[in-house]
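The values are calculated or read from the model by the stated rules, or taken from the named source; none is laboratory data. Keep in mind the model is a prediction, meaning the values are calculated, not measured. Cβ sites come from the backbone with ideal geometry, for glycine too, and all protein chains shown count toward neighbours. Side chains included, ligands, DNA and RNA excluded: accessible areas come from the protein's heavy atoms. Shrake-Rupley method; radii C 1.70, N 1.55, O 1.52, S 1.80 Å.
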Amino acid sequence: MKYHRDHCRLIRLAWEGPLDARRKESHRLTDLLGEHHDLAELHQLLLSRPGSFGGREAVRVALERAGERRAALELEAFRLGRKLYAEAPKRLARRFQTFWRLASR
């Protein structure tokens, strides 16, 4: 996802509006995925040392809330991912090649 966002940044001058919007949406998706990953790491940490985090009940509550947030992040990430990747990869690549050629002129 980060590479895709960087590609959009590189060629956005060819068609600034739509590509800048796509870059911003890609950035949003990487943020969602990053937060989801952080919560997965927290989940593992809490399970590995519950005594370090207030005991089993405190960990249970934290895991429950983190799980709810992860579920919400997944819904939003999948919605945004479907939107960003609705176009077939080869077709998207051809479109980006066209943008690159236009920007090179």
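Heavy atoms of the protein chains alone define the surface here; on that basis segment 30-105 has 73 Å² accessible area per residue at 1.4 Å probe size. Helix 2-11 and the longest principal axis of the C-alpha atoms of the chain enclose an angle of approximately 30°.
Between 0 and 90 degrees, the angle of helix 56-84 with respect to the longest Cα principal axis of the chain falls at about 10 degrees. Rolling a 1.4 angstrom probe over the chain with all protein chains present gives an accessible area of which 56% lies on carbon and sulfur atoms.
What value in Å³ per residue do you get for the convex hull of the alpha-carbon atoms in the chain? Walk me through the intermediate numbers first.
Values: hull volume 10.2 nm³, N = 105.
Roughly 97 Å³ of hull volume per residue.
Only the Cβ atoms of Lys and Arg (+1) and of Asp and Glu (-1) were treated as charged; on that basis the dipole of the chain about its Cα centre amounts to roughly 720 debye. What number in nm² do you get for segment 1-52 if you take the convex hull of its Cα atoms and divide its surface by four? With the hull built on Cα positions only, its mean projection is 3.9 nm².
The helix-based estimate of mean residue ellipticity at 222 nm for the chain, built from -39,500 (n - 2.57) per DSSP H run of four or more residues and divided by its residue count, is -29000 deg cm²/dmol to the nearest 500. If R0 is 22 Å, the Cβ-Cβ spacing of Ala40 and Glu76 corresponds to a FRET efficiency of close to 0.90.
With respect to the chain, whose longest principal axis is taken over its alpha-carbon atoms, helix 89-104 is tilted by about 50°.
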